[in-house]
1. With +1 on each Lys and Arg Cβ and -1 on each Asp and Glu Cβ, and nothing else charged, work out how big the dipole of the chain is about its Cα centre, in Debye to the nearest 20.
2. Peptides 146-153, 47-54: what's the order by average Cβ count within 10 Å, highest mean first?
3. Averaged per residue, what accessible area in Å² does the chain show with a 1.4 Å probe, protein chains only?
4. Quick one: pull the percent of accessible area on the chain belonging to carbon and sulfur, 1.4 Å probe, ligands and nucleic acids left out.
5. Could you work out how far apart the two model spin labels at Ser159 and Asn35 are, taking each label as a point 7 Å from the Cα in the direction of the beta carbon, and quote it in nm?
6. Restricting to lysine pairs 8 or more places apart or on different chains, what number in the chain have Cα atoms under 16 Å apart?
7. Pop a pseudo-label 7 angstrom from the Cα along the beta-carbon direction at both Thr73 and Thr135 and give the gap in nm to one decimal.
Amino acid sequence: DGDTIRVKDASESGFIGKLMNVARIRTIGNTTQFNVLDLGNNQGYFDMGTKIGEAVYSLNYFTICGYFRMDETYTGNGDWGNNLFSFSNTENDLADPKGTMYACLGKTNYGISAGSWSYLGESSVNPAKAPTTGTWHHYAYSQNGSVGSIYYDGVLLSSGTVEAHPFNTLRRDGITGTLFNWIGRPPYGAP
């Protein structure tokens, strides 16, 4: 509906998200076609809205995954900030650390912290693998108790101990869920 995307699933959750900046939905493929989220080459992202942040508070055992592709001309494929997702209590985690959970595609990692992502208290799985450009990849993070595992293109890339969970690490008094829930944007301030 214009730049507003309504997500329908079996539970009819009614999550509402919004395309931001240059982000758009476009169709790819010749024989088989798919609608994909295209973030463009500069500052596009998808705001998943605040209602999904309430669901994040309940996560304990979970998997978050998605397909992604970086254009063959993109040279920052190994950089921090190429986030598949971020669920955060602050728009600028560096200046106002209040807890964030994210997956950075540039390092193919996952991290969660009650403070800033850069704090030593972060719990993470970090194989530090930069994705190749010009081709589709699949990233999946799975949390099973205190074990976090990253699957890359269907293969277990790395796993390790992740003691922090969204239900106890991101929870804040007076807030009913993470407020800044984005695809394609890190919570470092301006996009």
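The values are calculated or read from the model by the stated rules, or taken from the named source; none is laboratory data. In this text, all values refer to a predicted model and were calculated from it rather than measured experimentally. Note that we place each Cβ from the backbone using ideal geometry, even for glycine, and neighbour counts take in every protein chain shown. Heavy atoms of the whole protein, side chains included, go into the accessibility calculation; ligands, DNA and RNA do not. Shrake-Rupley method; radii C 1.70, N 1.55, O 1.52, S 1.80 Å.
1. Using Cβ point charges on Lys, Arg, Asp and Glu, the chain gives about 120 debye.
2. 47-54, 146-153
3. Numbers: 9870 Å² over 191 residues.
Using a 1.4 Å probe on heavy atoms only, each residue of the chain averages 52 Å².
4. Values: 4910 of 9870 Å².
Result for the chain: 50 percent of the exposed heavy-atom area is carbon or sulfur.
5. So the label points at Ser159 and Asn35 sit 3.6 nm apart.
6. Working: Lys8/Lys18; Lys8/Lys51; Lys18/Lys51; Lys107/Lys129.
Taking the chain as the scope, the lysine pair count is 4.
7. My value for the distance between the label points is 2.2 nm.
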